[in-house]
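The values are calculated or read from the model by the stated rules, or taken from the named source; none is laboratory data. Owing to the predicted nature of the structure, the values given are computational and were not obtained by experimental measurement. Cβ placement follows ideal geometry from the backbone for every residue including glycine, while neighbour counts extend to all protein chains displayed. SASA here: full protein model, heavy atoms, side chains in, ligands and nucleic acids out. Shrake-Rupley method; radii C 1.70, N 1.55, O 1.52, S 1.80 Å.
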Amino acid sequence: MAMPAVNRGNRQKRWYAVIVDGLEIALVKTFKLPTLEYEISKFGGAGSYWDQKEAGRMVIGEAELGKAVKSGETDSFTWNQFIKALGMPPSVYKNRDWTICETDETGKYKRQWVLRNAWGQKIDMEEFDGMSSEPVIEKLTVACDQVDFKNL
C-alpha cells in the first residue's frame, strides 16, 4: 500500500506582479531578483601564515526584468512613460521604489520584495529574427540601494 506524501511539493515560480510608483507594469514575462552577498574582508598581521576573514559589507546585485511587447501595439502608455524617465540621469530618477509581489492563483499577494531607490541601469534593445515566432522581449537591468522582504 502506498503512503501519501507528507510534503505537498515545492513552490513554483509562476505568478507575480511588478509595481513601480503604484502602477503595475503589464506584460512582464520574467523578473530576476537581485543577489545579496557579503564581501569577504581579509586581514593579517605581520608574520601570520594566513589571512583572517570576516564578512564585509553587503553587496546588492542587479535585478533583471524582461517585458513582452503587446501584439498590434508599439507599447503601453505606462511603459513608454517609464522608458522616458530612464532617459533622465539616475540622480533625478533614482528616488523610486520597485515592489515585486509573489501572488497565488487568485491574485492575492503572498510575499513582497521592495527594491529601495531603484533605477534602470541598462536597456537591452530587442533582437529581430524574420523566421521566429518567439515574442519580442525588452530587457531592463535595474540597480538599487537596498532590498526589503516581508511575508504578507
Inset, instruction - Say whether the condition of being modelled with pLDDT under 90, in a strand (DSSP E or B) and of a type outside the set (S, T, N, Q) is met by at least one residue in the stretch 89-98. - result: yes
Inset, instruction - Return the residue satisfying two criteria in turn: it lies in the stretch 25-50 and is assigned to a strand (DSSP E or B) and of a type in the set (F, W, Y), and of such residues it is surrounded by the most Cβ atoms within 10 Å (Cβ to Cβ). - result: F31
Legend entry - Segments classed as strands (runs of 3 or more DSSP E), wholly inside the stretch 99-152, with at least 2 members that are loosely packed, with under 15 Cβ neighbours inside 10 Å: 109-116, 119-124, 146-151
Inset, instruction - Search the stretch 29-51 for residues that are on the phi < 0 side of the Ramachandran plot and pair each with any residue that is hydrophobic (A, V, I, L, M, F, W, C) and loosely packed, with under 11 Cβ neighbours inside 10 Å when their beta-carbon atoms are under 8 Å apart and the residues are at least 6 apart or on different chains. - result: Y38/A55; E39/A55; I40/A55; S41/A55; G44/W50; D51/F43
Inset, instruction - Kindly indicate the residue of the stretch 11-24 that is out of contact with any strand residue (DSSP E or B) (no Cβ under 7 Å at 6 or more places or on another chain) and surrounded by 11 or more Cβ atoms within 10 Å (Cβ to Cβ) and also modelled with the lowest pLDDT among those meeting that condition. - result: D21
Inset, instruction - Return a yes/no flag: does the stretch 71-80 have any residue that is within 27 Å of I137 (Cα to Cα), at pLDDT below 80, open to solvent by 80 Å² or more (accessible area, probe 1.4 Å) and in a helix (DSSP H, G or I). - result: yes
